[in-house]
Amino acid sequence: MVTVKLLKPYYIKMNSEYIRVILAYQYFSLNVNKKVYHFVPIEGQEILVNRKTKQVVNTETKFAFQKGKDIIYITMKKLTSLSDFMDQLEDIIKPYYEKTEALSTVPTKDEINEQTSLIIEQLEHENVMRLIDRALDEQNEVDFQSLSKLLT
């Protein structure tokens, strides 16, 4: 019987395609037949998750675990079949999915048009305020009156 005792990433890297969970000594251990085995980076050292499908990609990667002089190898495919492994992995990478989803949200054409309209309106208002200031500096009452009407 194999269960996950501890799964903590050493660090996490993210690019446009993958989330890479890098593993190191003392951050990953398993209970195998009531014995604790600790991860050793002899073979695989990372868990590679596709950002779009949210699936572990490197299922054929072998990970080494050691207890004293005894070393066992377990594939990622075997690890992904363990519900506690997948639960812990999901907790680790969940914040990175949220970042991914936030980054991938593209505004619609209507949202862009609305934002553009608001910016143009603000710029026009600021321009009128500058023209009013200039009319006051030049003591031009006619321009001041006509520009003031634009603000209401």
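The values are calculated or read from the model by the stated rules, or taken from the named source; none is laboratory data. Since the model is a prediction, treat every value here as computed from it, not as a measurement. Cβ sites come from the backbone with ideal geometry, for glycine too, and all protein chains shown count toward neighbours.
Yes or no, residue by residue, for (1) among the hydrophobic types (A, V, I, L, M, F, W, C); (2) farther than 18 Å from Y96 by Cβ; (3) not assigned by TED's automatic domain parsing to the domain that holds Y97:
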residue	(1), (2), (3)
Y11	no, no, no
S16	no, no, no
I22	yes, no, no
S29	no, yes, no
V40	yes, yes, no
L48	yes, no, no
Y73	no, yes, no
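Among the criteria (1) more than 13 Å from L6 (Cα to Cα); (2) touching a Lys or Arg at 6+ places or on another chain (Cβ under 9 Å); (3) modelled with pLDDT under 90, the one K94 does not fulfil is (2).
Give the residues of segment 106-127 that are within 27 Å of the chain's Cα centre (by Cα) and in a helix (DSSP H, G or I), sorted by residue number. Steps first, answer last, please.
Within segment 106-127, the subset within 27 Å of the chain's Cα centre (by Cα) is 106-112, 115.
Scanning segment 106-127 gives K109, D110, E111, I112, Q115.
Suppose we filter segment 43-56 for residues that are surrounded by 15 or more Cβ atoms within 10 Å (Cβ to Cβ) and part of a loop (DSSP other than H, G, I, E, B); how many remain? Working first, answer last.
Of all residues in segment 43-56, those surrounded by 15 or more Cβ atoms within 10 Å (Cβ to Cβ) come to 44-49, 51, 56.
If we keep only those that are part of a loop (DSSP other than H, G, I, E, B) too, we end up with 44-45, 51.
Qualifying residue count, segment 43-56: 3.
Somewhere in segment 108-122, is a residue β-branched (V, I, T), at pLDDT below 90, closer than 30 Å to K13 by Cα and exposed (fewer than 10 other Cβ atoms within 10 Å of the Cβ)? Within segment 108-122, one or more residues are β-branched (V, I, T), at pLDDT below 90, closer than 30 Å to K13 by Cα and exposed (fewer than 10 other Cβ atoms within 10 Å of the Cβ). Residue count for segment 23-42, restricted to those that are under 12 Å from I71 (Cβ atoms) and in a strand (DSSP E or B): 5.
Please enumerate the residues belonging to segment 1-16 that are in a loop (DSSP other than H, G, I, E, B) and either of a type in the set (S, T, N, Q) or closer than 19 Å to E90 by Cβ (or both).
Keep residues of segment 1-16 that are in a loop (DSSP other than H, G, I, E, B), which gives 1, 8-10, 15-16.
Correct list: K8, P9, Y10, N15, S16.
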